[in-house]
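Report on the following structure.
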């Protein structure tokens, strides 16, 4: 693991990504403490451009809300949606993939057909339909994103488990009387971890994008300020006040870029095949 | 006049490797038409020297000193473009694993034709014609059909013939063969060795043959180079090196080869039967759809034998003979289709769930590959204690036992806190043995347990197994393709072919006076027999 970290640290892109992400996380965690006022409060004249008036450095939006405060509070929402929905997606996808790969046969068939059922529906369309059924609260948005993003996890884990379960140490574990659950949890999954971590880091990025798109369409939680909502609200004034979409857009771009850089760095650091080449 | 001259070659390894140079002070000549064998254990630098000749060194590894003179020019000074013209045309190479060296998605004929294409030779029609001639020359059965086959449709030996055909396509003056027969069965190995010998004579081609097997060396070499840790420790004619070796390392290697007669044999037929196998059958059915007939392979066909307490039975046969399937069916890693496996009055083949778990601890397995048989993310202590904990031993006791087991197999007890990758192949195999012993089994199934190890390590592990067997009163099934190893450790030998037991009897009888023609062909194919007799004479003097 120390070796993997060293390799990660050698990758400049990945380190830059990590720094950006840490900054975003810092803003999300500490920002609301320093700027406790509600992002929904009107503070000044509407449509103030950035750096025009003291006190509102990034300007105000169509109803005079502070863009900077919105950005800070939105960071918290976007990151939380990204992280929590990824964790939920892993909680669904990893067990399904592990069971399918380990037991094979009809268990595999049943679980994989179930997975394919979700994969064949375009994920964004499914998300819209689900949110139309549920109430648009943060809880359901996270759930919806998790539901549309677990199938690739299940596929990946199944593939890994399928190849790992024929290893001799798994056979040795079967012979030594360990139960199937013990074998899956202690022998197989720890060895499948590296690709799962890589996929998860990229899924956080996709989840942030998905939440933004949903908010843009007005399917977000109306009580929560998020980056996607800010872009969505500003789209009607794109030509007169472009910075209202541009600024939160940059925030999304940087965060997603950071996560992708980290994901790629992790992939290089944890993928043993690439590792061997560099040694 | 020598064809290839290597003068004082040194190849540097990247920083952080276990030694600064992969090879050093390499000096040898190769005469036209000569077969030069380079022998050594894994990590001795034997492949590295050959790769340097081809200009195919891995990234980060480069020659730092010396020269390789081929045909009057120093290869090391050549550009990549110049080297590309040399490769294939002047120097051909064949590899150990013919499956991974061939493109799985290309027909055999196209792959051979590609060699001509890469050097811009011949027209497409002529290339196909030459490919067919080459396949005929390497004696591939039914070359007209084989030229349209994909690599996976051929057997290991046939694939190696295709590789040789590709290497010979441009009539190189030197053929480098890197462990070309290691992955093959003995009978196939004998055929390939004969083919290389024939081609050498027909074409006057020089061969650099890299191997770890002294039997092969004895059969094929004109001259031998012995390497240890990147240095040439001995070189000379085959008789000088093998029969009158001067360097202690060579002597150690020569001594470590198990002879085809060796080992104390006991007759256990008076002892109680501990495992009674009767009519064990396993059929694999693959493929088969609406329009095609499924392929049916009888991997185990009515296999019956008794294992007596304290006895070692060697199960020998070539790959695909069903010997591994047999071991795995006994412990139920595979479900046998029919037959009984009676152990202490219980039929192992019919048990389910908890009963199976409870009885399985009495019969444990040692696996072939010391690298994939240990969980890379578990410490040795956990590997050795997991099984006991699964059967209800408290963790503390299990860990104490793990330490005991480690000293039993000749490792330091402090190894419990280390990860498998910190150990060498031989040490890992010891850990694998300790794991098999952790549950106090009565029967051990060793599936090719020493095949992946170097000869000197092999000898140590075999000694350890013999010692443990004695001390713990174990009965053992020893699955191997290596008749020498079987001769050394087994009391009785069971020969399998196509899933059937063709012969079973006391080891001496089976090896000295085989009854079945298949056993005889296996014995004939073992390399280095003449040499062994010669060695006996020398030792006898």
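Each value in this text was obtained by applying a stated rule to the coordinates, not by laboratory testing. The model shown is predicted, which means the values in this text are computed figures rather than measured ones. Here the Cβ is made from the backbone with ideal geometry for all residues, glycine too, and neighbour counts use every protein chain on show.
Here the spin labels are modelled as points 7 Å beyond Cα on the Cα-Cβ line, and at residue B:31 and residue B:283 they lie 6.0 nm apart.
Note on the stretch B:394-467: the alpha carbon radius of gyration divided by the globular reference 2.2 N^0.38 Å gives 1.10. Each label point was placed 7 Å from the Cα along the Cα-to-Cβ direction; for residue B:419 and residue B:251 their separation is 4.2 nm. Counting, for every residue in B:137-143, the Cβ atoms of other protein chains within 10 Å of its Cβ and taking the mean gives 0. Compactness check for the stretch A:156-205: Cα Rg over 2.2 N^0.38 Å is 1.27. Give, as ranges by residue number, the residues of the stretch B:322-352 whose backbone N falls under 15 Å from the point 7 Å along Cα→Cβ of residue B:296. Residues passing the 15 Å test: B:337-338. According to the calculation over all Cα-Cα pairs in the stretch B:355-409, the P(r) per 10 Å bin from zero is 21, 50, 29, 0 %. Classified by the C-alpha gyration tensor, the stretch B:320-402 has an oblate form. Its axis ratio a/c, with a ≥ b ≥ c, is 1.5 or above, and a/b does not exceed b/c. Pairwise alpha-carbon distances in the stretch A:46-191 exceed 17 Å for 70% of all pairs. Over all directions, the projected convex hull of the C-alpha atoms in the stretch B:193-344 averages 16.0 nm² in area.
Averaged over the residues of peptide A:162-173, the number of Cβ atoms from other protein chains lying within 10 Å of each residue's Cβ is 6. Starting from one equal scatterer on each C-alpha and no solvent at all, send me the Debye-based log10 I(q)/I(0) for the stretch B:43-100 at q = 0.13, 0.15, 0.23 Å⁻¹, two decimals. The Cα Debye sum returns log10 ratios of -0.36, -0.48, -1.07. Convex hull volume of the C-alpha atoms in the stretch B:121-184, normalised per residue: 91 Å³. Computed extension length for residue A:254-residue A:4: 87.5 nm, one decimal, from 0.36 nm per residue of separation with the Cα-Cα distance subtracted. With 0.36 nm allotted per residue and the present C-alpha distance subtracted, the residue A:25-residue A:12 stretch has 2.7 nm of extension available. With R₀ fixed at 45 Å, the C-beta to C-beta distance from residue B:520 to residue B:18 puts the FRET efficiency at about 0.50. Computing FRET efficiency as 1/(1 + (r/R0)^6) for residue B:395 and residue B:440, where r is the C-beta to C-beta distance and R0 is 25 Å, gives about 0.90.
Peptide A:181-193 shows a mean partner chain C-beta count of 2 within 10 Å per residue C-beta.
Just so you know, the Cα atoms of chain A work out to an Rg and Dmax of 21.9, 74 Å.
Report D for the stretch A:127-239 in µm² per second (integer): Stokes-Einstein, Kirkwood Rh on Cα pairs, 37 °C, 0.692 mPa s. The calculation lands on 196 µm²/s. Angle between the Cα long axis of helix A:151-164 and the longest principal axis of chain A, 0 to 90 degrees, nearest 10? Around 30 degrees separate the two axes. Please give the helix B:108-118 orientation as an angle from the longest Cα principal axis of chain B, in degrees from 0 to 90, rounded to the nearest 10. Here the helix axis deviates by roughly 30 degrees. Descending by average beta-carbon neighbour count within 10 Å, the peptides A:118-124, B:340-346 line up as B:340-346, A:118-124, the highest first.
Axis of helix A:243-270 versus longest Cα principal axis of chain A: the two differ by about 20°, to the nearest ten degrees. The order of B:431, A:19, going from fewest to most other C-beta atoms within 10 Å of their C-beta, is A:19, B:431. Pairs of alpha carbons in the stretch A:72-116 separated by more than 16 Å make up 50% of all such pairs. Eigen-decomposition of the gyration tensor built on the alpha-carbon atoms of the protein assembly as shown gives equivalent ellipsoid semi-axes of 58, 37, 26 angstrom, largest listed first.
Counting every alpha-carbon pair across the stretch B:1-123, the share separated by more than 20 Å comes to 52%. Each stretch of four or more DSSP H residues adds -39500 (n - 2.57); spread over every residue of chain A, this sum gives -24000 deg cm²/dmol at 222 nm.
Using the Cβ-Cβ distance between residue B:512 and residue B:466 with R0 = 22 Å, the FRET efficiency computed as 1/(1 + (r/R0)^6) comes to roughly 0.55.
Percent of Cα pairs in the stretch B:398-541 per distance bin of 5 Å, from zero to the largest separation: 2, 8, 16, 18, 17, 14, 10, 7, 5, 2, 0.
Peptides A:50-59, B:20-29 ranked from most to least packed, by the mean per-residue count of other Cβ atoms within 10 Å: B:20-29, A:50-59.
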